[in-house]
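Below: one structure, written as structure tokens.
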Ligand code: HEM
């Protein structure tokens, strides 16, 4: 695709389409959303998200003034607090904070996000896009399934991660987000690197799913 004429938001979506399908149809995701796994698997998955979003969001204050990544840092997207409420609900108390450890695949993912945040703001944007635009899209399907499968109250504790309280119109928000992508203040070569990093972000997610699939095999 000619990145000089096609809007960057279209280029990045098209370029990651195949990996999106792979993530969406991974064994762990299919089993989880197919209602074949217990709430322990959902809890373990939510724990992994907490490590990833802390890496994304711990960097936010520093990147807020960056010319490339700064426009993407928007308080209404922040998920750490919602994840912490979900985890407290899922664990029945605050004790999880002392004991929680990431899977190796999650640690690798969070470390790559942190590295981009420290050294390469455009690479950070690739990670930002891969998570937040996904959460605003397919995340709503996951919430619905989770509520039905494990009995969480609608948009309540357990699924707050998927509820963007401060975004009343997700479709409009996503349009605005795509405009930010289209206006990304980097040259074409750097845009190509961002696309490569987006593919890496998807691969890191798939790696976490693979590890979770091994921890929660259906036929165990
Ligand atoms: C079973 C799991 C998933 C489902 C059902 C799902 C579903 C969807 C759907 C329906 C859309 C399109 C929304 C629209 O066009 O407005 C979407 C977009 C997206 N998803 Fe997913 N998704 C899943 C997993 C993931 C994962 C694991 C990631 C990456 C971590 C991801 C990242 C994205 C991104 C970045 C977009 C935005 C694409 C764009 O318009 O630029 N999704 N997803």
The chain: most fluctuating residue of 153, 137, 26 per GNM, C-alpha cutoff 10 Å: 153
Using per-residue counts of other Cβ atoms within 10 Å, averaged over each peptide, order 166-173, 116-123 from highest down. 116-123, 166-173
Rounded to the nearest 500, the 222 nm mean residue ellipticity computed for the chain from DSSP H runs (n ≥ 4, each -39500 (n - 2.57)) alone is -19500 deg cm²/dmol
Cα-projected label distance for residue 36 with residue 169, points at 7 Å along beta-carbon direction, nm: 4.1 nm
In whole angstrom, note down how far apart the Cα centers of the range 39-98 and the range 143-169 are. 15 Å
Rounded to the nearest 10 degrees, what's the angle between the helix 80-91 long axis and the longest principal axis of the chain, both from Cα atoms, 0 to 90? 20 degrees
Once you place label points 7 Å from the Cα toward the Cβ at residue 182 and residue 101, how far apart are they in nm? 4.8 nm
Enter the angle in degrees (range 0 to 90, nearest 10) between the Cα long axis of helix 139-150 and the first principal axis of the Cα atoms of the chain, meaning the one along which they spread out most. 0 degrees
Using packing as a proxy for protection, rank 203-212, 97-106 so that the peptide with the highest average count of other Cβ atoms within 10 Å comes first. 203-212, 97-106
Can you work out the PRE-style zone for residue 157? Point 7 Å along Cα to Cβ, and I want the residues of the range 66-99 with backbone N under 11 Å. 85-94
Please list log₁₀ I(q)/I(0) at q = 0.13, 0.14, 0.16, 0.17 Å⁻¹ for the chain, using the Debye equation with identical point scatterers on the alpha-carbon positions. -0.75, -0.87, -1.15, -1.30
quick shape note, the range 79-183: Cα extents on principal axes in Å, largest first -> 43, 33, 20
Quick one: angle between helix 104-119 and the longest Cα principal axis of the chain, in degrees between 0 and 90, rounded to 10, please. 30 degrees
Gain in span if fully extended, residue 145 to residue 20, counting 0.36 nm per residue against the direct Cα distance: 43.1 nm
Over the chain, calculate the relative contact order: mean separation of alpha carbon pairs under 8 Å at least 6 apart, over the residue count, as a percent. 37 percent
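Bear in mind these aren't lab numbers, they're just calculated from the coordinates by the rules spelled out. All values reported here derive from a predicted model rather than from experimental measurement. Counting neighbours? That spans all protein chains shown, and the Cβs are built from the backbone with ideal geometry, glycine included.
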